[in-house]
1. I'd like the residue in the range 26-46 that is free of Cβ contacts under 8 Å to residues at least 60 places away in the same chain and either surrounded by fewer than 18 Cβ atoms within 10 Å (Cβ to Cβ) or of a type in the set (D, E, K, R) (or both) and, out of all such residues, is nearest to Ala71 (Cα to Cα).
2. Given the options Asp50, Asp7, Asp16, Asp20, name the one that is within 30 Å of Leu129 (Cβ to Cβ), out of contact with any Cys (no Cβ under 7 Å at 6 or more places or on another chain) and surrounded by fewer than 19 Cβ atoms within 10 Å (Cβ to Cβ).
3. Looking at the range 159-180, which of the residues that are among the charged types (D, E, K, R) and surrounded by fewer than 18 Cβ atoms within 10 Å (Cβ to Cβ) is farthest from Ile73 (Cα to Cα)?
4. Quickly run through the range 130-181 and pick out the residues that are within 24 Å of Tyr30 (Cβ to Cβ), assigned to a helix (DSSP H, G or I) and charged (D, E, K, R).
5. Name the one entry in Val122, Val85, Val101 that is modelled with pLDDT of 90 or more, within 19 Å of the chain's Cα centre (by Cα), part of a helix (DSSP H, G or I) and surrounded by 13 or more Cβ atoms within 10 Å (Cβ to Cβ).
6. Kindly indicate whether Tyr177 is aromatic (Phe, Trp, Tyr) and at pLDDT below 95.
7. Do you know which residues across the range 50-70 are under 16 Å from the mean Cα position of the chain (by Cα) and touching a residue at least 12 places away in the same chain (Cβ under 8 Å)?
Amino acid sequence: MKLNNNDKIVEMLKSDNLKDAGFRLLLKEYGDALYWHIRRIVVGHQDAEDVVQETIINIYRHIDKFKGDSALITWIYRIATNEAVRWLQRQTNFFQSIDSVSPQLSDKLTQECDIDGKQAEVLFQKALLTLPTQQRIAFNMRYYDELSYDEIAKVTGKNINTLKTNYHFAQEKVRNYIKEFAI
């Protein structure tokens, strides 16, 4: 039986002799998608790099817990999403919600983007940053990563109907934000 790339990656990661090669293959296959998934949550490049590192460490530590009940990318996204949310939580004060960091994320977006020629993209990203974190995560996974609601539910642990509602409200809020602030 021929192994697909996911099975090959998992087998290599679980093997002491092939673990390094497995991580190289994992990063080759999923590195860009993982980085951009995290970056859409935490916004800043350096912050995304830090969260990617934490994600890779957790994959390394917990690869034996991967049972293959879901796709490898779903399991990786779950770890990445949890790490990104933890990072957001560390940016808040004790009595704040993680949604309170949106203004700082918006400032970071403006600082890291070359505004010339990208005004529509920046406006769209700022609209996303006005969303509550769970809506933003659901929107990003559906819109950018093109995951099904079932896959998003496996990543986030949320109910499919809740995700559909979050996505619908996110679309409306983004649409309204863009209508209000478009030049």
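The values are calculated or read from the model by the stated rules, or taken from the named source; none is laboratory data. The structure displayed is predicted, hence computed values, not measured ones. Ideal geometry is used to build each Cβ from the backbone, glycine not excepted, and the neighbour counts take in all protein chains shown.
1. Here the residue is Glu29.
2. Just a single option satisfies the conditions, and that option is Asp50.
3. Result: Glu180.
4. Of everything in the range 130-181, those that are within 24 Å of Tyr30 (Cβ to Cβ), assigned to a helix (DSSP H, G or I) and charged (D, E, K, R) turn out to be Arg136, Arg142, Asp150, Glu151, Lys154.
5. Val85
6. For Tyr177, the condition - aromatic (Phe, Trp, Tyr) and at pLDDT below 95 - is met.
7. Of everything in the range 50-70, those that are under 16 Å from the mean Cα position of the chain (by Cα) and touching a residue at least 12 places away in the same chain (Cβ under 8 Å) turn out to be Asp50, Val51, Val52, Glu54, Thr55, Ile56, Asn58, Ile59.
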